Amino acid sequence: MKRRTGQDKSITANWRPATLAVRGGTARSEWGETSEALFLTSGYAYDCAEDAAARFAGEQQGMTYSRLQNPTVEMLEKRIALLEGAEACRATATGMAAMTAALLCQLSQGDHVVAAKAAFGSCRWLTDTLFPRFGIEVTTIHAHDTDAWEKAVRPNTKVFFFETPANPTMDLVDLEAVCGIAKKHGITSVVDNAFATPSLQRPMDYGADVVAYSATKMMDGQGRVLAGAICGTEKFITETLLPFHRNTGPTLSPFNAWVVLKGLETLDLRIRRQSESALKVATFLEGRLPKVLYPGLASHPQHALAAKQMVAAGPIFSIYTGGGRKEAHGLLNGLNLIDISNNIGDSRSLMTHPASTTHYGMAAEARLEVGITEDMLRLNVGLEDVDDLIEDLDRALTGIGL
Ligand SMILES: *Cc1c(COP(=O)(O)O)cnc(C)c1O
């Protein structure tokens, strides 16, 4: 008899998140390896021609081609689904592949989407540039304003799309209220949960239909690989997403899936420690700067909502130096420890100037509309000693006279 491996629902149903993060979805091979095996294979061989035919006909269980299935990728999909409390999950090559597939798989010409204005730059490119080219109408709104969602609904509205907290303005969306509006109108809510991860926030607990990830960020968590994931009901993943995913091919590499599996084992530890350090760094910076936007601080306009729907506020926040690009770039250039880098979710502390990097591609008015000004910087707080981070920031701030 096979030893329990984390795939049997009758066993995993009672496991708590920390156990699922280490063991959920594990499928051991005949060798009984403890760490998940890495199946770097594009194809699969069959014992006979009839088996091949039966697998293609869906009459026999088994894999046919790694664009469609791979054992290592499947372990990751099962683990993420278990952590999310979702019926099913499909992994993708990047976070943007996840967002694109989660949306396009269910949209057609003539449909209408309501989307948040404050969003990752490439998500705004999807809603502002790509979708209109295919006759998909989009209304972008200030997503923290719950009434704006209700007002934007039209008879042909198919999808609500937003992230919370949003990149890089740290706007929050009231998950329960907005997913409730979507449900009432038969609209599918698609939530980009990259900043929080299932460790800090599970949107489905508040009624979200689809949760999509950039696993590049906190899930890998060590700045190594690009990856993404889409969670939903079994019906959504199998009937709506899979035909799109299998035929267009935004498939995750087994190697990257393996790296993210290892990352998930420590996700909860990392994100809690990084959130703790972020709160200390944000508190220090609040005493030195005109504005700090971190949902974990009492000064954040949606602090109460953060406390309601998030376990902690995460490792990422934004700061305003006052002045303009000169001051912001000056602060970056004065750092010795914290890297100038536009990635987030890394175990290293990183800082970037969104207006000239991640959100450079956005129209200048669109940037200003959501508060991405020339003096704004975004900080990812890593796993270094928090006192070293504060000393580095202290020195850089003194260097620009703050
Ligand atoms: C990084 C990010 C993405 C895109 O993910 P990639 O893995 O870089 O493709 C999408 N949404 C949010 C909120 C992100 O932070």
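Brief remarks follow.
- In segment 345-352 there is no residue matching the filter, namely being assigned to a loop (DSSP other than H, G, I, E, B) and over 20 Å from the mean Cα position of the chain (by Cα).
- Selection status of VAL159, part of a loop (DSSP other than H, G, I, E, B), of a type outside the set (S, T, N, Q) and either at pLDDT below 95 or under 30 Å from THR357 (Cβ atoms) (or both): no
- Yes/no for ALA37 being of a type outside the set (S, T, N, Q), assigned to a loop (DSSP other than H, G, I, E, B), open to solvent by less than 30 Å² (accessible area, probe 1.4 Å) and under 26 Å from ALA97 (Cα atoms): yes
- Test: residue in segment 63-76 that is closer than 30 Å to ALA27 by Cα, of a type in the set (Lys, Arg) and over 18 Å from the mean Cα position of the chain (by Cα): yes
- Among the residues here, SER277 does not qualify as open to solvent by less than 40 Å² (accessible area, probe 1.4 Å), outside any helix (DSSP H, G or I) and under 19 Å from GLU391 (Cα atoms).
Okay, residues lined up against (1) within 16 Å of the ligand (Cβ to nearest atom); (2) within 19 Å of GLY221 (Cβ to Cβ); (3) not assigned by TED's automatic domain parsing to the domain that holds ASN256:
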position: ARG23; (1), (2), (3): no, yes, no
position: SER29; (1), (2), (3): no, no, no
position: ALA37; (1), (2), (3): no, no, no
position: ALA53; (1), (2), (3): no, no, no
position: MET63; (1), (2), (3): no, no, no
position: GLU74; (1), (2), (3): no, no, no
position: ALA88; (1), (2), (3): no, no, no
position: ALA101; (1), (2), (3): yes, no, no
position: CYS105; (1), (2), (3): no, no, no
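- Close pairs (6 angstrom Cβ cut-off, 6 or more residues apart or separate chains): within 17 Å of GLU163 (Cα to Cα) and open to solvent by 10 Å² or more (accessible area, probe 1.4 Å) in segment 87-104, within 12 Å of the ligand (Cβ to nearest atom) and modelled with pLDDT under 95 anywhere: MET96/SER122
- Subset of segment 123-152 that is touching a residue at least 60 places away in the same chain (Cβ under 8 Å) and assigned to a helix (DSSP H, G or I) - its residue that is surrounded by the most Cβ atoms within 10 Å (Cβ to Cβ): CYS123
- Scanning segment 160-188 for residues that are polar (S, T, N, Q) and open to solvent by 10 Å² or more (accessible area, probe 1.4 Å) turns up just one, THR188.
- Residue in segment 232-249 that is among the hydroxyl-bearing types (Ser, Thr, Tyr), within 14 Å of the chain's Cα centre (by Cα) and modelled with pLDDT of 95 or more present: no
- From VAL191, VAL225, VAL210, VAL260, residue being closer than 14 Å to GLN106 by Cα, open to solvent by less than 20 Å² (accessible area, probe 1.4 Å) and within 16 Å of the ligand (Cβ to nearest atom): VAL210
- Considering segment 194-207, and only residues there that are part of a loop (DSSP other than H, G, I, E, B) and away from the ligand (no atom under 12 Å from the Cβ), the residue that is least open to solvent (accessible area, probe 1.4 Å) turns out to be GLN201.
- Hey, PRO155 touching a strand residue (DSSP E or B) at 6+ places or on another chain (Cβ under 7 Å) and away from the ligand (no atom under 15 Å from the Cβ) or not: no
- Residue in segment 55-67 that is closer than 30 Å to GLU369 by Cβ and crowded, with 19+ Cβ neighbours inside 10 Å present: no
- Only one of ALA98, ALA37 that is in contact with a Ser or Thr (Cβ under 6 Å, 6 or more places away or on another chain) and under 30 Å from VAL138 (Cα atoms): ALA98
- Being within 16 Å of the ligand (Cβ to nearest atom), of a type in the set (D, E, K, R), assigned by TED's automatic domain parsing to the domain that holds ASP220 and closer than 25 Å to LEU305 by Cα is a property that does not hold for ASP145.
- Set LEU305, LEU331: member being in contact (Cβ under 8 Å) with a residue 60 or more places away in the chain, assigned to a helix (DSSP H, G or I) and more than 17 Å from ASN380 (Cβ to Cβ): LEU305
The values are calculated or read from the model by the stated rules, or taken from the named source; none is laboratory data. Predicted, not measured: the structure shown is a model, and the values here were computed from it. Note that we place each Cβ from the backbone using ideal geometry, even for glycine, and neighbour counts take in every protein chain shown. Heavy atoms of the whole protein, side chains included, go into the accessibility calculation; ligands, DNA and RNA do not. Shrake-Rupley method; radii C 1.70, N 1.55, O 1.52, S 1.80 Å.
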